[in-house]
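A.B. asks: There's a structure below that I have some questions on.
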Amino acid sequence: MKTPKKPSKEPPLPSQDEYRRFNVLQEELISKFRTFGESLSSVRDDVNSMKPKLDKLDKLNEDVEILKSAARSHTDAIRANTEATRANTEDIRSLKEAVQGNTGAIHAMQVDLKNINGRLEVVEVKLAS
């Protein structure tokens with residue numbers, strides 16, 4: 001048969017040394033929590049001071065996206081204009097060649113006109129006499 005359990009002894013009350021150690025630890029913890037709270041407050045102030053800058057950064061990012069879109073659009077327009085410029089350059093070259101060909105013909109006609117004018121003057125002189 002089992003023997004009945006003895007009623008448990010109540011724990012002894014802490015000694016004055018233990019109270020002092022507890023009080024010192026408690027004061028240390030309170031001091032550390034106070035320091036932590038002050039640091040946290042400083043961090044909170046820093047974060048609050050950064051919020052307007054972050055808002056500006058968001059706006060700046062939106063502006064950059066708009067600029068990127070405009071740059072893409074302008075790049076497409078520049079490509080189209082470059083192609084048109086190439087086509088126009090080819091047209092200008094062919095027109096230049098035509099003008100140069102016509103210039104030769106015009107010079108030949110000028111020589112012919114001078115000869116005709118000279119003959120006309122001779123005819124007028126003969127008619128006038």
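The values are calculated or read from the model by the stated rules, or taken from the named source; none is laboratory data. These numbers come from a predicted model, not from an experiment. Positions of Cβ are generated from backbone atoms using ideal geometry, with glycine treated the same way; all protein chains shown enter the neighbour counts. Heads up: the accessible areas ignore ligands, DNA and RNA and are worked out on the full protein's heavy atoms, side chains in. Shrake-Rupley method; radii C 1.70, N 1.55, O 1.52, S 1.80 Å.
A.B. asks: Among the residues in region 64-72, are any surrounded by 10 or more Cβ atoms within 10 Å (Cβ to Cβ), β-branched (Val, Ile, Thr) and over 55 Å from the mean Cα position of the chain (by Cα)?
C.D. replies: Within region 64-72, not a single residue is surrounded by 10 or more Cβ atoms within 10 Å (Cβ to Cβ), β-branched (Val, Ile, Thr) and over 55 Å from the mean Cα position of the chain (by Cα).
A.B. asks: Could we say that residue 40 is open to solvent by less than 100 Å² (accessible area, probe 1.4 Å) and either touching a helix residue (DSSP H, G or I) at 6+ places or on another chain (Cβ under 6 Å) or of a type in the set (A, V, I, L, M) (or both) here?
C.D. replies: The answer is yes for residue 40.
For (1) without any contact (Cβ under 8 Å) to a residue 40 or more places away in the chain; (2) open to solvent by 80 Å² or more (accessible area, probe 1.4 Å); (3) not aromatic (Phe, Trp, Tyr), each residue gets a yes or a no:
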site: 19; (1), (2), (3): yes, yes, no
site: 28; (1), (2), (3): yes, yes, yes
site: 32; (1), (2), (3): yes, yes, yes
site: 54; (1), (2), (3): yes, yes, yes
site: 62; (1), (2), (3): yes, yes, yes
site: 98; (1), (2), (3): yes, no, yes
site: 108; (1), (2), (3): yes, no, yes
